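The values are calculated or read from the model by the stated rules, or taken from the named source; none is laboratory data. What you see is a predicted model; the values in this text were computed from it and never measured. We place every Cβ from the backbone using ideal geometry, glycine too, and count neighbours over all the protein chains shown.
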Amino acid sequence: MSRLSFSLENESPGSKARAARFQTGHGEVRTPVFMPVGTQATVKNMTVEGLKALDAQVLLANTYHLLLRPGPEVFRKFGGIHRFMNWDRPVLTDSGGYQIFSLSDDRVMTEAGAEFRSYVDGEVHFLSPESSIEMQRTIGSDIMMVLDQCIAATASHVETEAAMNLTHRWAERSLRARGDSPSALFGIVQGACHRDLRVRSAEFLRALPFDGLAIGGLAVGETHAQRYEFTDLTTDHLPKNLPRYLMGVGTPIDILESVHRGVDMFDCIIPTQLAQRGTAFTSHGRIHCRRSVYKLSDEPLDTRCDCHTCRHHPRAYLHHLIKADETLGWQLLATHNVAFYQRLMAEMRAHILRGEWIAYYERQRCELGRDDAANPPVHPAPARVRRLPRLGDYEVQSSPAGFSSIRQLSSGEVMHSVSAPEDEANRLYIDQSRLAARLRRRHGDDEHPLVVWDVGLGAASNAMAALHCAERLLAADGPAAQRPLHLISFERDLDPLTLAARNAPRFPHLRHGAPQALLKHGHWTHPTGLITWRLLRGDFLDLLETAPAPDLIYYDPFSSKTDTALWQSEVFARIHRHCQPEPAELYTYSAGTAVRVALLVAGFFVAEGIGTGPKATTTVAYTRLDSRHDAPDSPRLLGAEWLARWRRSGSKFPPGLDAAQATEFEQRFARLPQFAPAITPR
């Protein structure tokens with residue numbers, strides 16, 4: 001039976017985010033919870049009174065460091081860490097496994113334990129599962145951690161498996177050493193970035209009588225995408241009736257993404273460590289107080305924060321303290337950063353309990369990724385040449401508006417050059433195609449999946465916009481109210497998505513496990529099974545007839561100047577035939593006359609879509625008019641006015657026609673069903 005009396009209060013629909021509470025010997029803990037790191041029985045630049053004022057629920061201390069200094073005899077003298085540091089709330093102690101991992105040149109690992117040399121006095125010490133538990137019992141922590149063998153996230157499968165098996169054997173020894181202690185004990189799931197090992201480790205440890213389970217071996221060399229992927233995978237195999245702890249993580253965005261994937265507990269030195277470097281986390285993004293842009297600023301760090309720092313000190317004063325290396329600056333920023341983390345956790349908990357997590361999560365994914373680097377300095381520094389991240393023929397490009405895009409070097413074309421990728425995707429494709437309305441079940445098509453083609457995957461902004469739309473609906477209405485979504489992406493070059501995923505902090509829409517799964521496996525499925533995403537890799541012209549006929553087509557390859565073959569009438573005619581006899585709609589950013597002519601000649605009915613980004617209008621095409629949504633704001637069919645403009649256009653004919661063929665084409669084109677008098681354009 002668990003020593004923590006864990007109680008799960010609510011789980012978010014459409015997410016694994018959850019709110020819970022558990023009881024320790026020094027008080028109740030409400031999750032999600034962030035534990036400030038008090039490695040050596042103190043949180044740097046913070047007092048116990050200050051931590052309590054910010055409602056810090058749990059502190060983390062480290063067995064390795066406290067063993068070396070002040071040593072077990074001090075804790076025996078004071079009866080444990082609580083009286084020693086005057087802290088009457090819960091304490092969790094890490095076992096020392098990560099610190100031993102960090103001593104790669106000065107330790108020896110064996111089946112019995114780890115031998116290492118003290119950084120304090122040079123003495124040789126030996127830490128085993130049993131002595132680690134004994135020291136944690138002497139410290140008197142409320143939650144103890146087993147001793148584990150942590151290795152780099154990039155370690156080989158053979159090395160990782162050996163370390164995992166040793167961790168499992170040490171976990172069993174730690175349980176036996178715990179004995180009748182009232183303190184809770186957590187096991188630690190290892191397995192680096194190997195899916196089979198993570199699953200095996202979670203399954204092994206969940207069968208043992210632990211009071212909670214931690215995810216170890218992350219934040220030690222893997223990418224953000226890998227961290228999210230393996231957190232998501234591991235929580236799928238952890239029991240719901242125990243707390244889940246992601247060790248050493250992390251930044252606000254990492255915590256948000258991990259709560260979304262079912263984690264309850266976090267710790268990290270980042271809030272206090274970055275305070276000493278002059279960095280503050282705010283509701284407006286990160287602020288780097290050393291920047292001269294703040295030298296004369298009388299604003300508070302964060303207008304939405306009521307901590308002591310924000311109530312009493314302007315940015316200019318904090319800038320001065322940090323530039324002068326005054327410890328007061330570190331203290332004030334640490335106070336604010338810890339306050340920011342505690343408020344973030346409280347907000348997440350409140351939104352989970354109210355069933356509003358998905359909407360909050362979508363907002364915060366963009367907010368928490370912001371940085372003040374877009375603000376111009378008061379005294380600009382000399383320009384420095386900085387190479388942008390590149391892969392193959394592509395590079396990341398930063399916009400003055402604060403978002404990033406992918407640019408093709410050979411053509412110079414930029415994917416989303418004016419509007420943020422997610423904004424343009426939502427406006428042009430998701431909203432205009434009424435995707436949310438189409439995904440809600442209606443009589444007669446309850447089981448019929450909605451098939452969406454994403455032609456030109458690129459950096460996956462359109463596909464992820466569709467996926468996020470479907471996830472929001474799941475959260476709001478529940479699975480019973482939603483049709484299945486089958487999303488099919490066509491792409492021959494995965495470098496744009498790979499490059500964007502490697503730089504996920506710049507691309508908020510990619511902070512999700514799906515893109516990484518698509519890159520690795522070619523497919524991704526939502527836990528409900530209602531959303532599937534499949535990649536068809538290769539030339540669209542070779543693959544289009546192999547895919548299920550679409551209901552919606554998001555047509556977003558490079559322009560006709562770069563991808564000429566994909567904009568020909570013959571290709572649109574093949575798409576039109578493949579969709580028959582069911583109706584389908586095609587949405588594209590292009591408003592070019594030649595593209596609209598190609599669609600009309602192929603048999604589509606063509607309308608003028610909304611403007612977005614640099615385009616005054618876009619294009620919508622229908623295989624049948626009887627399925628067209630009839631509303632005042634529906635796209636306006638091209639009619640006599642457009643036909644008159646077409647006659648004056650310099651690009652009204654397909655290439656290669658002689659004079660006689662051009663005359664015949666013009667006569668035939670004007671008689672297309674689109675322009676029949678019976679069709680009244682809106």
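Restricted to the stretch 435-477, and to residues that are charged (D, E, K, R) and touching a strand residue (DSSP E or B) at 6+ places or on another chain (Cβ under 9 Å), which residue is nearest to C366 (Cα to Cα)?
E471
Go through the stretch 145-187 and give me each residue that's buried (at least 20 other Cβ atoms within 10 Å of the Cβ) and farther than 23 Å from V199 by Cα.
Residues satisfying the conditions are A177, R178, S183, A184.
Filtering the stretch 416-431 down to residues that are buried (at least 21 other Cβ atoms within 10 Å of the Cβ) and modelled with pLDDT under 95, which residue is nearest to L586 (Cα to Cα)?
The selected residue is L428.
Which condition number in (1) at negative phi; (2) outside any helix (DSSP H, G or I); (3) touching a Gly at 6+ places or on another chain (Cβ under 8 Å) is the one that I322 fails?
Condition (2) is where I322 drops out.
I'd like to check something: does the stretch 608-627 contain any residue that is among the small types (G, A, S) and at pLDDT 90 or above?
Yes, some residue in the stretch 608-627 is among the small types (G, A, S) and at pLDDT 90 or above.
All but one of (1) under 24 Å from I81 (Cα atoms); (2) not in a helix (DSSP H, G or I) hold for T154, so report the exception by its number.
It is condition (1) that T154 fails.
Name the single residue, out of those in the stretch 109-129 being among the small types (G, A, S) and farther than 14 Å from S95 by Cβ, that is farthest from the chain's Cα centre (by Cα).
The selected residue is G122.
Each row is one residue, and each column tells you yes or no for (1) more than 30 Å from L233 (Cα to Cα); (2) among the hydrophobic types (A, V, I, L, M, F, W, C).
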| residue | (1), (2) |
| --- | --- |
| L4 | no, yes |
| N10 | no, no |
| G14 | no, no |
| T39 | no, no |
| Q57 | no, no |
| Y64 | no, no |
| E73 | yes, no |
| R76 | yes, no |
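Out of the residues in the stretch 651-682 that are under 21 Å from A621 (Cα atoms) and of a type in the set (S, T, N, Q), which is modelled with the lowest pLDDT?
Among those residues, the one meeting the criterion is T680.
Residues that are in the same structural domain as I430 (by TED's automatic domain parsing), without any contact (Cβ under 8 Å) to a residue 60 or more places away in the chain and in contact with a Phe, Trp or Tyr (Cβ under 6 Å, 6 or more places away or on another chain): find the helices (runs of 4 or more DSSP H) completely inside the stretch 516-607 holding 2 or more of those.
593-601
From T93, T47, which residue is of a type in the set (S, T, N, Q) and touching a residue at least 40 places away in the same chain (Cβ under 8 Å)?
Answer to the check: T93.
Given the criteria within 30 Å of T528 (Cβ to Cβ), buried (at least 20 other Cβ atoms within 10 Å of the Cβ), among the aromatic types (F, W, Y) and in the same structural domain as R244 (by TED's automatic domain parsing), does F75 qualify?
Criteria not met by F75.
What number of residues within the stretch 192-209 are touching a Gly at 6+ places or on another chain (Cβ under 8 Å), in contact (Cβ under 8 Å) with a residue 40 or more places away in the chain and either part of a loop (DSSP other than H, G, I, E, B) or crowded, with 23+ Cβ neighbours inside 10 Å (or both)?
Final tally of qualifying residues: 1.
Is it the case, given these coordinates, that A659 is surrounded by fewer than 20 Cβ atoms within 10 Å (Cβ to Cβ) and hydrophobic (A, V, I, L, M, F, W, C)?
For A659, the condition - surrounded by fewer than 20 Cβ atoms within 10 Å (Cβ to Cβ) and hydrophobic (A, V, I, L, M, F, W, C) - is met.
I need the strands (runs of 3 or more DSSP E) fully contained in the stretch 1-98, keeping only those with at least 2 residues that are over 34 Å from the mean Cα position of the chain (by Cα), of a type outside the set (V, I, T) and modelled with pLDDT of 95 or more.
Output list is empty.
Among what's in the stretch 327-342 and is crowded, with 24+ Cβ neighbours inside 10 Å and polar (S, T, N, Q), pick the residue that is nearest to the chain's Cα centre (by Cα).
N337
All but one of (1) over 30 Å from Y119 (Cα atoms); (2) surrounded by 23 or more Cβ atoms within 10 Å (Cβ to Cβ) hold for E49, so report the exception by its number.
Among (1) over 30 Å from Y119 (Cα atoms); (2) surrounded by 23 or more Cβ atoms within 10 Å (Cβ to Cβ), E49 violates only (2).
Only one of these is modelled with pLDDT of 85 or more, surrounded by fewer than 14 Cβ atoms within 10 Å (Cβ to Cβ) and touching an Asp or Glu at 6+ places or on another chain (Cβ under 8 Å): R647, R636. Name it.
Matching residue, one of R647, R636: R647.
Filter the stretch 319-359 down to the residues that are under 20 Å from R511 (Cα atoms), among the aliphatic types (A, V, I, L, M) and at pLDDT 95 or above and list them by number.
Residues satisfying the conditions are L344, M345, M348, I352.
Can you name the residue in the stretch 513-546 that is at positive phi and within 24 Å of the chain's Cα centre (by Cα) and is also surrounded by the fewest Cβ atoms within 10 Å (Cβ to Cβ) among such residues?
G529
Need pairs with beta-carbon distance below 7 Å; first residue over 16 Å from V259 (Cα atoms) and within the stretch 216-231, second of a type in the set (K, R) and assigned to a helix (DSSP H, G or I); sequence gap 6+ or separate chains.
T223/R502
Does T167 satisfy being in contact with a His (Cβ under 7 Å, 6 or more places away or on another chain), assigned by TED's automatic domain parsing to the domain that holds M109 and part of a helix (DSSP H, G or I)?
no
Quick check on this structure: which one of G262, G250, G221 is touching a Ser or Thr at 6+ places or on another chain (Cβ under 8 Å), assigned to a loop (DSSP other than H, G, I, E, B) and at pLDDT 95 or above?
G262
Considering the stretch 296-326 alone, what residues qualify as being farther than 13 Å from T279 by Cα, under 27 Å from the mean Cα position of the chain (by Cα) and buried (at least 16 other Cβ atoms within 10 Å of the Cβ)?
Within the stretch 296-326, just C305 meets the criteria.
Which is on the phi > 0 side of the Ramachandran plot, surrounded by fewer than 16 Cβ atoms within 10 Å (Cβ to Cβ) and under 27 Å from the mean Cα position of the chain (by Cα), of G221, G285?
Of the residues listed, the single one that is on the phi > 0 side of the Ramachandran plot, surrounded by fewer than 16 Cβ atoms within 10 Å (Cβ to Cβ) and under 27 Å from the mean Cα position of the chain (by Cα) is G221.
Within the stretch 466-514, which residues are free of Cβ contacts under 8 Å to residues at least 60 places away in the same chain, farther than 18 Å from L439 by Cβ and either assigned to a loop (DSSP other than H, G, I, E, B) or aromatic (F, W, Y) (or both)?
F490, R492, L494
Filter the stretch 558-588 down to the residues that are modelled with pLDDT of 95 or more and within 31 Å of the chain's Cα centre (by Cα), then identify the one that is farthest from V414 (Cα to Cα).
E585
Each row is one residue, and each column tells you yes or no for (1) in the same structural domain as G27 (by TED's automatic domain parsing); (2) in contact with a Phe, Trp or Tyr (Cβ under 7 Å, 6 or more places away or on another chain); (3) closer than 30 Å to L518 by Cα.
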{"site": "R173", "(1), (2), (3)": "yes, no, no"}
{"site": "R178", "(1), (2), (3)": "yes, no, no"}
{"site": "C193", "(1), (2), (3)": "yes, yes, yes"}
{"site": "F210", "(1), (2), (3)": "yes, yes, no"}
{"site": "G221", "(1), (2), (3)": "yes, no, yes"}
{"site": "F230", "(1), (2), (3)": "yes, no, yes"}
